[in-house]
Amino acid sequence: MLEYLLIFLGAAVPWFEIALVIPLGILSGLNPLLVIFVAFIGNMATILALIIGYDKCKQWLAKRNEKRQSKREDKARTLWNKYGLPGMVMLGPIFVGSHIAAFIGMTLGATRQATLAWSTFSIGAWSLAIGTLTVLGFDIFTN
């Protein structure tokens, strides 16, 4: 049970997220379906908190980033300009992180409902893809 709690917490932390914790959980011998589900819930919990607390988070981040803009934020803005909210949130977990993608999307005018819907779809799709590829890749090397 402790391992799944760690999966949940790891997926909830920005920059660890699903791309790291799902393969680690599966490769450590945990149930792949449970790892995917717990990681999805962990990542969505903090995305939901970010969406709900967007205004306070925006103020805090603005104070923190007054001096510099990170490379991840630059990538997120580029994704937004090219692909809009759906593309940025779908590519976000791999290129900039789902938290930054959701936050930048809302900063650039996306609604909370659209951000939640696209984030849920994106994180679900990436969780399944990463989990499936990890299991298939691991099976190739063990057989």
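What follows is calculated from the coordinates using simple rules that are stated; it is not laboratory data. For clarity, every value in this text was computed on a predicted model and none was experimentally measured.
What to note about this one:
- Within straight-line cross-link reach of residue 63, lysines at Cα separation under 22 Å, skipping those fewer than 8 residues along the same chain: 71, 75
- Values of log10 I(q)/I(0) for region 2-142 across q = 0.08, 0.17, 0.18 Å⁻¹ run -0.22, -0.87, -0.95, by the Debye formula with one identical scatterer at each alpha carbon and no solvent.
- Net lengthening on full extension, residue 117/residue 5 (0.36 nm per residue, minus Cα-Cα): 37.8 nm
- Rounded to whole numbers, the Karplus 3J(HN,Hα) couplings from phi for region 10-18 are x, 5, 7, 7, x, 6, 7, 6, 6 Hz, using 6.51 cos²θ - 1.76 cosθ + 1.60 with θ = phi - 60°, and x at Gly and Pro.
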